Amino acid sequence: MNRRPLENLRLFKERRERVAEKLQGSVLVLTSPEESLRNGSVGHPFRQDSNLYYLTGFEEPESVFVFRPGTKPETILFVRRRNPERETWDGFRFGPELAQREFQVDAAFPIEEFSQRIAELLKGADRIYYRPYRNRKMDQLMETVLLEQKSSLGRTGLGLLPLYDSDEFLGDFRVIKSDLDLLNHRRACDLSVEAHVQTMKYVRPGMSEREIHGYFIYQIMKRGAAREGYNSIIASGPNACTLHYIFNDRELRNGDLLLVDAAGEFNYFTSDITRTYPVNGQFTDAQAEVYEGVLRVQKAVIESVKPGLPFAKLHELGAALLTDVMLELGLLTGRRDDLVAANKHRKYYPHGVGHFLGMDVHDQGLYVRNRKGEPREIQPGMVFTVEPGLYIPADDAEAAEHYRGIGVRIEDNILVTNAGYEVLTRECPKEIQDLGKIVGAQ
Ligand SMILES: [Mn+2]
């Protein structure tokens, strides 16, 4: 099928214009990731590199985008040639001619010509932005090109062109979302919220985690998601205490909590939502105590969000408040500040309070400090998660027995505004009363 650009090309043009201002004199080289093959010719579904997509909207594998603002041609795509036979098997390809027209770049060439053309395209550049170690074939090519370039300089004393990480460079642009970005990001959040609500209604004791997983995927795809934004975590009972639980194969038992950390991707933007609720809808007293503690912390951290606050303060606040909850539950004893300073809270809360969110679930960009070590402040247009959690291992002899095996995380997506913040996932229920009415209601 003909994969026209998914969005208005204006979006990609706007992004290129912003990037161009900071790229003068340099060349940016972005490559698609290697296609991972499994079982011979039938591979995993291909997803374009986020940065290549960010600047072009081009979704085919074996492609490279070269961007050199100020030098003609400024925008160059290298793409697969058209090939009727291969297209019968693998689907439509744009080929250079059509790609140039449809994606409005200055020039497009067959990917086979990359090695003979790249040296010329790098001429006069003072640095290259490129991310190595993502595509081995491209890395080898770039290495050869750089060495050739060096030797072409003769005995001038000039060294290799300096290589800068394109992830760090573009990550910084991706941290602040434009209005057009937000259109897509909101769609990802909305459809993920709806899928969570439908899943809550569907859940019953006796189902397997895998069935819940399948149902969630059905709900996001029904609403236009291209794929999951990341590997969903569907963790029942004590599995919730495994932070990156991936097996999703246990049977949900009456009395269990279920932790669902899942979201869909829309036009390369993803949401990231976690909800935890009892599979029978009714919290036990012990489950409710842990849950209310985490919910209180989550709300307090969200309420503190405002432009100008260092991002690191959110982490500190989350750790301090969760330690208070641990003290209330008798999981720890001592003074809060001493416990946090000694990292004692990490036994039950071993992760940070949130991360940037965007085209990748753990989005690029420097979160806490910049290169100079200065704290990063929260700015309007940022989107990040707030996701405190408490995980009490099933075999934890120090915890009271009724708390053992309880794992709770509550995660929402926050957009920073001039006035403070907007919770993009606010329609996803998290109050105990609301969950009691929705879970199993279908
Ligand atoms: Mn997250």
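The values are calculated or read from the model by the stated rules, or taken from the named source; none is laboratory data. Please read these numbers as outputs of a predicted model, since none were measured by experiment. Cβ: placed from backbone, ideal geometry, glycine included. Neighbour counts: every protein chain shown. For the accessible areas, the whole protein counts, side chains as well, though only heavy atoms, and no ligand, DNA or RNA atoms are used. Shrake-Rupley method; radii C 1.70, N 1.55, O 1.52, S 1.80 Å.
Things worth noting here:
- Whole-number percent relative contact order across the range 136-243, with pairs defined as alpha carbons under 8 Å at least 6 apart: 18
- Calculated from backbone phi, Karplus (6.51, -1.76, 1.60) coupling profile of the range 175-190 in Hz, x at Gly/Pro: 5, 9, 8, 7, 4, 5, 4, 5, 4, 6, 5, 5, 4, 4, 5, 4
- Net +/- balance of residues flanking Asp261 in space, Cβ distance below 13 Å, scoring K and R +1, D and E -1: -4
- When +1 charges are put on Lys and Arg Cβ atoms and -1 charges on Asp and Glu Cβ atoms, the dipole computed for the range 9-173 relative to its Cα centre reaches about 220 debye.
- For the range 176-438, convex hull volume per residue from C-alpha positions, Å³: 120
- One chain, two ends: Asp249 and Glu377. Fully extended at 0.36 nm per residue, the span grows by 42.0 nm beyond their Cα-Cα distance.
- 3J(HN,Hα) from dihedral phi, the range 282-298, Karplus parametrisation 6.51/-1.76/1.60, rounded to Hz, x for glycine, proline: 10, 6, 6, 4, 5, 4, 5, 4, 5, 4, 4, x, 5, 4, 4, 5, 4
- Computed [θ] at 222 nm, helices only, for the chain once each DSSP H run of length n ≥ 4 contributes -39500 (n - 2.57): -11500 deg cm²/dmol
- Solvent exposure of the chain amounts to 46 Å² per residue of accessible area, where only protein heavy atoms count and the probe is 1.4 Å.
- Just so you know, the averaged projected area of the alpha carbon convex hull for the range 9-173 sits at 10.1 nm².
- Note that the range 143-159 has calculated 3J(HN,Hα) couplings of 4, 4, 4, 5, 5, 4, 4, 4, 5, 5, 7, x, 8, 8, x, 6, x Hz, one per residue in order, obtained from phi through the Karplus relation 6.51 cos²θ - 1.76 cosθ + 1.60 (θ = phi - 60°); glycine and proline are x.
- Positive minus negative residues near Gln48 (Lys, Arg vs Asp, Glu; Cβ under 9 Å): -2
- Distant-in-sequence amide contacts of Leu424, defined by a placed amide H-H separation under 5 Å and a gap of 5 or more residues or a different chain, comprise Asn413, Ile414, Leu415.
- Estimated dipole of the chain in Debye, rounded to 20 [Cβ of Lys and Arg +1, of Asp and Glu -1, Cα centre]: 920
- Distant-in-sequence amide H partners of Val305 (H built 1.01 Å from N, under 5 Å): none
- Reach of Lys72 by Cα under 17 Å, taken over aspartates and glutamates that are not fewer than 8 positions away in the same chain: Glu17, Glu21, Asp106, Glu120, Asp126
- Listed by chain and number, the lysines placed with their C-alpha closer than 26 angstrom to that of Lys137 are Lys123, Lys150; residues fewer than eight positions away on the same chain are left out.
- Over 27 Å between alpha carbons, listed pairs Lys13/Lys222; Lys222/Lys306; Lys201/Lys299: Lys13/Lys222; Lys222/Lys306
- Taking the 1.4 Å solvent-accessible surface of the chain as the whole, the part contributed by carbon and sulfur is 49%.
- Over the chain - Rg/Rh using Cα atoms and the Kirkwood inverse-distance radius: 1.02
- A dipole drawn for the chain from +1 and -1 charges on Cβ atoms has a positive end, and of Thr270, Ser115, His185 the residue lying farthest that way is Ser115.
- With contacts taken as Cα pairs under 8 Å and at least 6 residues apart, the range 176-438 reaches a relative contact order of 23 percent.
- Entry note, the chain: relative contact order of 14 percent, from Cα contacts under 8 Å with a spacing of 6+ residues.
- Against the empirical curve 2.2 N^0.38 Å, the C-alpha radius of gyration of the range 130-169 lands at a ratio of 1.31.
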